[in-house]
Amino acid sequence: MSESTQVSRDPVGQAESTRAQRYWWDREAADYYTEHGAFLGDAGFIWGPEGWSEADLGLLGPGGVAPKGPVLEIGAGAAQCSRWLRARGTTVVASDLSGGMLAQSQAIDWAAAQPVPLVQCDGARLPFAEAAFEVVFTAYGVVPFVADSARVMREAARVLCPGGRFVFATTHPIRWAFPDVPGAAGLTAHQSYWDTRPYVERDHRGEVTYVEHHRTLGERVREIVAAGLVLLDLVEPQWPERNEQEWGGWSPTRGRVLPGTAIFVCGKPPADVS
Ligand SMILES: C[S@@+](CC[C@H](N)C(=O)[O-])C[C@H]1O[C@@H](n2cnc3c(N)ncnc32)[C@H](O)[C@@H]1O
């Protein structure tokens, strides 16, 4: 964040938010990979800063079995999770709004015989047919970055086949009541959990350059249910002793006391439920 960045909490609509995300992630893509690439692993599947993997949690399929596919990753970044699935025989497509983030995936795969298939698209406007996928998922992509997250739920539900799963990890909503810093100051609530105005950064011209959107737990569940999905589980991974690494405002200090990540495991009901 530069010195001229202005920070506020005020409403930002879907179009402005999407434009800002694309700008921000294109610009940050290389630095994000430099900072977090080793922690994520080029072919790793990490659900969030706590460091829990899909191999640990097994959320994409019943019994923790990796799905056969087709699987769609939204907000995939450098597509590490898709690469992990592909190595296990899953048919997978990785998508992201940012060409810069997808270019990081291409850089990882530059010599690969079978690179991860990539599609550049907005997670709130998926260019795929109805019922095209067995699983849709994202590890911290899309959901915290769109104004209209209800639309993301509806799009995931639309492209899922009956009986399919939508699994997404996002910032735990309780974090919005606390300062986003890794140290002890991040343990004292200083604002209302119910204030759902987004966090906004603007440049010296007043242009929005970065936004994060907040939903309370209840609002999130209502968006899931309104999309016709069923909430199968809400996973709040605890901070493991082995992880001493900070990631922005996520840290061992805070992780021992507060949840940092919420992983929503949603199902699309089977076609015949009678
Ligand atoms: C925190 S990164 C997570 C990337 C990856 N899942 C990981 O674990 O490293 C957030 C990602 O969401 C993407 N993103 C933000 N808004 C999006 C949108 N509306 N549609 C699709 N992707 C979006 C960004 O481009 C970025 O790659």
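For the stretch 185-274, the strands (runs of 3 or more DSSP E) that sit wholly inside it and include 2 or more residues that are under 20 Å from the mean Cα position of the chain (by Cα) and surrounded by fewer than 15 Cβ atoms within 10 Å (Cβ to Cβ) are 230-235. Based on this model, can you work out whether residue 31 counts as of a type outside the set (Gly, Ala, Ser), more than 11 Å from the ligand (Cβ to nearest atom) and part of a helix (DSSP H, G or I)? So residue 31 passes the test. Here residue 108 meets each of (1) within 13 Å of the ligand (Cβ to nearest atom); (2) under 16 Å from the mean Cα position of the chain (by Cα) with one exception, condition (2).
Return the residues of the stretch 111-124 that are more than 8 Å from the ligand (Cβ to nearest atom) and under 23 Å from residue 156 (Cα atoms); say none if nothing qualifies.
Residues satisfying the conditions are 116, 117, 118, 119, 120.
In the condition set (1) among the charged types (D, E, K, R); (2) closer than 25 Å to residue 240 by Cα; (3) part of a loop (DSSP other than H, G, I, E, B), residue 83 is compliant with all but (3). Of all residues in the stretch 128-157, those satisfying the criterion of being surrounded by fewer than 24 Cβ atoms within 10 Å (Cβ to Cβ) and away from the ligand (no atom under 15 Å from the Cβ) are 129, 130, 131, 132, 134, 157.
Filtering the stretch 224-254 to residues that are of a type in the set (A, V, I, L, M, F, W, C) and in contact with a Phe, Trp or Tyr (Cβ under 7 Å, 6 or more places away or on another chain) leaves 224, 229, 231, 234.
Any read-out appearing in this document is the output of simple, stated calculations on the displayed coordinates, not a laboratory observation. Keep in mind that what you see is a predicted model, and the values were worked out from it rather than measured. No Cβ is skipped: glycine too gets one built from the backbone with ideal geometry, and neighbour counts run over all protein chains shown.
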